[in-house]
Amino acid sequence: MNKSAYFDVHTTIERVSTVNLLEKLAEASDPKPYPIVRYAQVLKELRKRSATTGNEQQQIEFGRLVANSLRELAAELGLPENHFSVDTSGDPLLVREGTGQHWILPTHFEGGAYFSAPHADHQYALPAAQIPRIDIGRYVRFGKGSGINAGGDITIGDGAWLSPGSLLLRQDHSAYGRPSIGARTVSMTHQPGVVLRDYAWVGRDAMVGWNADYLGLASVVGTRSFINGWVGDYSIVGDHGRILQYQPFKAFLFGRYDLTVEEVLRISDWGRVDEDWLRVHGEERDALLDAGTDLSELADLVREVTHPRSRALLLKPDSLRLVPLLAQGRLDIATHSPDLTPHVLQWAGDHKALRIRVRSDLTSTELPFETAGTFHYNKRIGYDLAVSEHAPDTPVVPLAELERTLLQGGVLITDVRNLPAGGERPDNLVETHELLLGGRQYKAFKKK
C-alpha cells in the first residue's frame, strides 16, 4: 500500500516564520479574540506575574488578582459569574501551639504557582460556555512552583494544599496516535474535571494525571508519586495510587461534626480523636457486619466472577455485611453519605485489605470507573462485578449507567427496588438469578 493512503486529506502543513501563536490567533479572530484565546492569554499573564510573588502579603494579593482577573474574564465572555470562582475570603490566621507558631493564609499562591493555559491553537473555535470551570475554596495553599493544567474543570475544596512542585494535569497527549511531538496536537478540554475535596493534600513534586478525577476528603498523595486514578476519602497513597494507610478517625471526626477551618486548626490531640473513634467503632461494628444474614447464595455467585485481580463496585451500602465478601479483589465503594466510611476504612485497615477505595460524591447520573470513566485508550476497563444496594430518599442510578461501568461478561446485582417499574432494561443485560438476602429481594444480570 502506498504511504499516502494513510494521509488525512483534511490535514495541511505549511512552513511559516516564527510567530507568537496567541497573538496571531487573537489577530485572526476579528472583531474580538476567540474565547479560548482570551482564556489562555489571561492564564499566561497570571503565570508570568506569579513568578514575581514574594512574601506572604504578596501571595495573598496575588490570590485576589487571580480571583479578579477570572471574574473580569467571565464578564467579558458573557459567562455566569460562578464559572470562575476563587474564594479569597478570611483573615490570615496565626496559629500558636506549644513553643511555636505558624501562619495559615487565605487562598494564596506562593512564588511560581500557576494555572497553565490549554493549547488554544488546537481548539480556537471552542464556545465560551465550554471553557473549563475553576472553583477554588477557602484557605487553599498553592505551594511554590505548583501547577494546574487548566484544560478541564478544576474544583478544589477548603483547606486543600498543593505542595511545592506538585502538578495537576488535565491534558492527555495520547500515545496511541501520532508519536512524540505530533502527540501534542490534541484538544485538552475533553478531559474529565478533577475534584480535590476539603483538606486534600498533594505532596511535594507529586503528579496527578488526567484520569484522576477525584482526590478524596483529607486524602494525601505522597511526595514524588504519580497517580492516574482516583484517590479515596481519608486515604494516603503512594506511587500509582498504591494505598499505604487509611485514616478512619478523621472520617469519624469530619463526618460527625461540621468543622470550620479555624476549628480544625484548634485540634492537636488526634490520638484522643482516634481513641474516641475506636470506642464508637467497637460499639457499632457487630451490628454493621450483620453476621446473622445468610449470604451463601450471594457468595456462590460472587465467587464465579471475583478473583485477586478482579474489580468490584459497591453502591450505597448501609452496612458492612457485603464488604468482606467483595474485598477478595479490588473494591470501590460509592456513597452519598459519609456515615459508613470510617467503619469501612477501619475494617479495611484491620484486615490489611488495602485495595478498598471510598468516595462520597455519588450522584444518579455518573458513576466512577476504575479511574475516571470513559477516558481510556485501548484498555480493558470496567468492573467485573457491581452491586447496587437501595437507600431510601436517594436518587436511583439508572440501569444503563450501571451497565456502562461493567466489563463485557460482568455481573450486576441490584436490589429490586432500584429497578424501573416498567421492567425496562438495556438490551445487553440478561437476567440470570433472583436472590433473597436478609429479607431483601435482589436480581442479577450479566452483560453480553
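Couplings 3J(HN,Hα) of segment 426-433, computed from phi: x, 4, 8, 9, 10, 5, 10, 9 Hz, in residue order, whole Hz [Karplus 6.51 cos²θ - 1.76 cosθ + 1.60, θ = phi - 60°; x for Gly and Pro]. Within the listed set 312, 206, 400, the Gaussian network model of the chain (springs between alpha-carbon atoms below 10 Å) gives the highest mean-square fluctuation for 400. Among 114, 293, 102, pick out the residue whose Cα is farthest towards the positive end of the charge dipole of the chain, where Lys and Arg carry +1 and Asp and Glu carry -1 on C-beta, about the Cα centre. Value: 114. Highest mean packing first, where packing is the average number of other Cβ atoms within 10 Å per residue, the peptides 152-160, 350-358 line up as 152-160, 350-358. Residue 89 contributes an accessible area of around 50 Å² to the protein surface, as traced by a 1.4 Å probe with all chains present.
May I ask for the net charge around residue 108, where only other residues with Cβ less than 10 Å from the Cβ of residue 108 are counted and Lys, Arg are +1 while Asp, Glu are -1? Counting the neighbours of residue 108, the net charge comes to -1.
3J(HN,Hα) couplings calculated from phi for segment 198-207 with the Karplus curve 6.51 cos²θ - 1.76 cosθ + 1.60 (θ = phi - 60°) are, in sequence order, 3, 6, 5, 9, 9, x, 4, 6, 6, 10 Hz; Gly and Pro show x. Close amide H contacts of residue 433 (hydrogens built in the peptide plane, cut-off under 5 Å, sequence separation of 5 or more or a different chain): 444.
Enter the Cα centre distance for the pair segment 230-303 and segment 104-163, rounded to the nearest angstrom. Value for the Cα centre distance between the two parts: 30 Å. Using only side-chain charges placed at the Cβ, +1 for Lys and Arg and -1 for Asp and Glu, the dipole size of segment 303-448 relative to its Cα centre rounds to 620 debye. With contacts taken as Cα pairs under 8 Å and at least 6 residues apart, segment 60-168 reaches a relative contact order of 25 percent. Rounded to the nearest 20, the Cβ-based charge dipole of segment 205-301 about its Cα centre (Lys and Arg +1, Asp and Glu -1) stands at 500 debye.
Rounded to the nearest 20, the Cβ-based charge dipole of the chain about its Cα centre (Lys and Arg +1, Asp and Glu -1) stands at 1580 debye.
Which of rounded, prolate or oblate describes segment 278-408 when judged by the alpha-carbon gyration tensor and an a/c cut-off of 1.5? It is prolate, given that a/c is not under 1.5 and a/b is the larger ratio. The overall shape of the chain, judged from the alpha-carbon gyration tensor, is oblate: a/c is not under 1.5, and a/b is no greater than b/c. Highest GNM mean-square fluctuation among 410, 100, 216, for the chain modelled with Cα contacts below 10 Å: 100. Heavy-atom accessible surface of segment 179-307, averaged per residue, reaches 51 Å², computed with a 1.4 Å probe. Lysine pair count for the chain (Cα-Cα distance under 26 Å; residues 8 or more apart in sequence or on different chains): 17. Across the options 123, 310, 395, the greatest Cα extent toward the positive end of the charge dipole of the chain (unit charges at beta carbon of Lys, Arg, Asp, Glu) belongs to 123. For segment 202-263, the gyration tensor built on C-alpha atoms gives a prolate shape. Its axis ratio a/c (a ≥ b ≥ c) is at least 1.5, and a/b is the larger of a/b and b/c.
Considering only 180, 146, 225, the mean-square fluctuation computed in a Gaussian network model of the chain, springs between alpha carbons under 10 angstrom, is largest for 180.
Under a 5 Å amide H cut-off, with hydrogens placed 1.01 Å from N, residue 410 pairs with 447 among residues at least 5 apart or on other chains. Non-local amide H neighbours of residue 224 (under 5 Å, H modeled in plane, Pro and chain starts lacking H): which ones? It is 204, 205, 206, by chain and number.
Among 135-144, 384-393, sorting by the average number of other beta carbon atoms lying within 10 angstrom of each residue, highest first, gives 135-144, 384-393. Across segment 317-323, rounded Karplus estimates of 3J(HN,Hα) from the backbone phi angles (6.51 cos²θ - 1.76 cosθ + 1.60, θ = phi - 60°) give x, 10, 7, 8, 4, 8, 4 Hz, Gly and Pro being marked x. To put it simply, the accessible area of the chain at a 1.4 Å probe is 49 percent carbon and sulfur. Charge tally for residue 250 (other residues, Cβ to Cβ under 14 Å; Lys, Arg +1; Asp, Glu -1): -4.
The values are calculated or read from the model by the stated rules, or taken from the named source; none is laboratory data. Since we're looking at a predicted model, the values are computed, not measured. When we count neighbours, we look across all protein chains shown, and the Cβ atoms used for this are built from the backbone with ideal geometry, even at glycine. Quick note on the areas: whole protein, heavy atoms, side chains included, nothing else; ligands and nucleic acids left out. Shrake-Rupley method; radii C 1.70, N 1.55, O 1.52, S 1.80 Å.
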